[in-house]
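Accompanying notes for the structure given below.
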Number of protein chains: 2
Amino acid sequence: GSEENSDHRWGGVCGFPPDGQADDGHEVTVVDNFFTGRKRNVEHWIGHENFELINHDVVEPLYIEVDQIYHLASPASPPNYMYNPIKTLKTNTIGTLNMLGLAKRVGARLLLASTSEVYGDPEVHPQNEEYWGHVNPIGPRACYDEGKRVAETMCYAYMKQEGVEVRVARIFNTFGSRMHMNDGRVVSNFILQALQGEPLTGNPEEHTILEFARLIKSLAQDDPQRRRPDIRKANMMLGWEPVEGLNKTIQYFSRELEHQA
Amino acid sequence: GSEENSDHRWGGVCGFPPDGQADDGHEVTVVDNFFTGRKRNVEHWIGHENFELINHDVVEPLYIEVDQIYHLASPASPPNYMYNPIKTLKTNTIGTLNMLGLAKRVGARLLLASTSEVYGDPEVHPQNEEYWGHVNPIGPRACYDEGKRVAETMCYAYMKQEGVEVRVARIFNTFGSRMHMNDGRVVSNFILQALQGEPLTGNPEEHTILEFARLIKSLAQDDPQRRRPDIRKANMMLGWEPVEGLNKTIQYFSRELEHQA
Ligand SMILES: NC(=O)c1ccc[n+]([C@@H]2O[C@H](COP(=O)([O-])OP(=O)(O)OC[C@H]3O[C@@H](n4cnc5c(N)ncnc54)[C@H](O)[C@@H]3O)[C@@H](O)[C@H]2O)c1
Ligand SMILES: NC(=O)c1ccc[n+]([C@@H]2O[C@H](COP(=O)([O-])OP(=O)(O)OC[C@H]3O[C@@H](n4cnc5c(N)ncnc54)[C@H](O)[C@@H]3O)[C@@H](O)[C@H]2O)c1
Ligand SMILES: O=c1ccn([C@@H]2O[C@H](COP(=O)(O)OP(=O)(O)O)[C@@H](O)[C@H]2O)c(=O)[nH]1
Ligand SMILES: O=c1ccn([C@@H]2O[C@H](COP(=O)(O)OP(=O)(O)O)[C@@H](O)[C@H]2O)c(=O)[nH]1
Ligand SMILES: O=c1ccn([C@@H]2O[C@H](COP(=O)(O)OP(=O)(O)O)[C@@H](O)[C@H]2O)c(=O)[nH]1
Ligand SMILES: O=c1ccn([C@@H]2O[C@H](COP(=O)(O)OP(=O)(O)O)[C@@H](O)[C@H]2O)c(=O)[nH]1
């Protein structure tokens, strides 16, 4: 909805910043503590008159003036969110409360980047918005899964009780330019290995997919067996269809690898 | 385990304070903001040399010196926790983080009073500790259910990451002396109505059980259909058996009603 009004101020708490928005005349503020984010991802915006970068941890209160908040701040891949589970929990609970308190004070709309992991190890395929999920509250992934679940609860509580406009997106595995090449998830691993002429193991260590599948089963307690979104609603209401983004990602990775060589 | 050491200091954040402990030579500190708790429940301890009462909200940090923490602070009955869902969420998230931070700093053991509501509307009967639950993360009860689920996650995260000794008890519907007569749940409603010679409706409004059951079904979106604990483990490991506590509760209620008359 921001396209209608060219002097909107965006408060993006971002991993993948909303590229292009600062050029459209929006004032964009990116808030990040650079736990997993890299300044390089936004360096082409630094110095732009409509762009501001705040080095800040969302676990601490934040007082800025904005119209829209994109609350994306959270470690996102399993190795990152399991690195410091307590910090993951604080970011998704206190951090979300702070962003909702900010939204309430300034009357901003807030988008929460939630995750398919709220479905846990789903017993229904594919998953749609009505499915309640199947999550182990005290398992190794719970810091992220339960953190995001309660972040959703918080959003709807501020909506019902305080009239804050909220949107919640349950994002499944995403890929594209500027994604982490080493986030340890399957898409980046496969592309990287293919580009480097290594066997596709889905894992930095050397296993065949079959071995790896066996390894996952034995090691990764509670690792979801499979997850697949029900995308019919997005298609019906937004006309959205999955597009071939893999090629873009592969091109980005190969540029990055050249750059490193 | 406190019985072995007579100069233990207890930090009880309490609804039903651990009666008798102050008499056993333990120093007992009760922390409560009196949201649903009543000073009357502890007034017989006020003035006792081993007893201290702190009027404090666990959403704010708390710096005291204790050996054991009973983290019971939370609105507990549906009308109470739905009265202010945001406060329920803050108490169970920020409040739990504060109690765990306290436990970590002073090296105290922490017991979390969790709930059978972490099982939501269970699809397995009876429920044991291995069941992951069936909770709607954005339903009307989510402020409590998801708040308690993530509170459990936090406890185990502080245990694994910081070595805090934690215990989590998933309490099913409890009754006894000094319980709220008007908490709106089925046990207190039935006793109260029976004592007052009213029809047993399970509800302050006048409905038969059948009507009420229909009403629940139509009104209470997501109201769990039934919940029943699997108590074999408690019996096997602790020799615990449910005892006839209903009579005590009925006696307490009838004394209270006489007192009010
Ligand atoms: N990429 C996916 O496949 C995927 C899937 C589901 C959900 N998500 C969610 O989308 C959001 C963005 O993920 P991403 O893939 O772009 O990951 P990312 O790591 O690139 O972005 C997350 C950003 O949050 C920052 N951050 C972390 N903790 C913070 C804190 N306490 N204070 C301030 N900033 C903090 C990080 O530094 C990073 O820049 C996350 O909330 C993630 O959970 C991503
Ligand atoms: N009674 C049950 O059937 C039952 C079942 C499952 C779980 N529990 C849990 O057991 C605990 C005790 O419940 P109870 O039935 O004795 O209820 P209760 O209402 O008597 O006790 C809860 C106490 O917490 C206090 N409190 C609430 N928010 C607080 C805050 N922010 N800071 C400080 N104090 C706060 C209240 O004033 C009250 O004294 C709760 O955590 C509840 O969720 C109770
Ligand atoms: O502009 C703001 C307003 C609030 N908050 C934080 O958001 C939290 C939740 O806000 P809310 O209004 O619910 O809290 P309250 O002030 O009522 O405790 C508060 O604790 C603040 O720390 C913030 O970071 N920026
Ligand atoms: O080599 C692999 C690696 C992962 N997966 C599966 O792919 C999905 C996505 O896993 P990923 O490691 O990308 O991260 P997640 O989304 O589970 O956090 C999971 O269901 C994995 O079991 C797979 O089939 N082969
Ligand atoms: O004696 C204490 C120690 C900590 N805390 C609170 O507990 C929270 C979590 O503690 P932790 O040590 O994890 O937090 P940190 O200080 O590392 O941010 C902190 O934010 C404090 O507000 C408290 O209330 N009492
Ligand atoms: O008149 C009644 C009221 C409640 N219940 C059931 O008893 C259980 C406990 O309900 P209560 O209202 O005590 O509170 P809850 O534990 O659900 O928060 C629930 O499964 C209700 O559906 C019932 O069978 N008859």
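For B:Gln251, the point set 7 Å out from Cα toward Cβ sits 8.1 nm from its twins in the other copies, listed from shortest up. Computed from backbone phi, the HN-Hα couplings of the range A:64-70 come to 9, 10, 9, 9, 9, 10, 9 Hz, rounded to whole numbers (Karplus: 6.51 cos²θ - 1.76 cosθ + 1.60, θ = phi - 60°; Gly and Pro given as x). Here the calculated FRET efficiency for B:Val106 and B:Phe34, from their Cβ-Cβ distance with R0 = 25 Å, stands at 0.55, rounded to the nearest 0.05. Averaging the sequence gap over all C-alpha pairs within less than 8 Å and six or more residues apart, then dividing by the number of residues, gives the range B:135-191 a relative contact order of 16 percent. Across the copies of the chain, B:Glu123 has label points (7 Å from Cα along Cα→Cβ) spaced 0.4 nm apart, shortest distance listed first. Whole-Hz Karplus values for the range A:174-189 come out as 10, 9, x, 4, 6, 6, 5, 6, 10, 6, x, 9, 5, 5, 5, 4 Hz, taken residue by residue from phi with 6.51 cos²θ - 1.76 cosθ + 1.60 and θ = phi - 60°; glycine and proline positions read x.
Relative contact order of the range B:62-108, taken over Cα pairs closer than 8 Å and 6 or more residues apart, is 59 percent.
Residues of the range A:119-168 that lose at least 40 Å² of accessible area (1.4 Å probe, protein heavy atoms only) when the other protein chains are present, relative to their chain alone, are A:Trp132, A:His134, A:Pro137, A:Ile138, A:Glu146, A:Arg149, A:Val150, A:Thr153, A:Tyr158, A:Gln161. Take each residue of peptide A:179-185, count the partner chain Cβ atoms within 10 Å of its Cβ, and average: the result is 0. Spacing of the modelled spin labels on B:Arg228 and B:Ser254, each 7 Å from Cα toward Cβ, amounts to 3.0 nm. Accessible area per residue (1.4 Å probe, heavy atoms of protein chains only) ranks B:Arg232, B:Arg105 as B:Arg232, B:Arg105, with the largest value leading.
A 1.4 Å probe run over the range A:50-90, with the rest of the protein chains in place, finds 45 Å² accessible per residue. On association of chains B and A, roughly 3000 Å² of accessible area becomes buried (total for both chains; probe 1.4 Å). When peptides B:29-41, B:91-103, A:25-37, B:51-63 are ranked by their average number of other Cβ atoms within 10 Å per residue, the highest-first order is B:91-103, A:25-37, B:29-41, B:51-63. Position B:Tyr83: other-copy label points at 4.3 nm, ordered by increasing distance, label point 7 Å along Cα→C-beta.
The values are calculated or read from the model by the stated rules, or taken from the named source; none is laboratory data. Given the structure is predicted, the values throughout are model-derived calculations rather than measurements. No Cβ is skipped: glycine too gets one built from the backbone with ideal geometry, and neighbour counts run over all protein chains shown. Just so you know, the surface numbers come from the protein's heavy atoms only, side chains and all, with ligands and any DNA or RNA stripped out. Shrake-Rupley method; radii C 1.70, N 1.55, O 1.52, S 1.80 Å.
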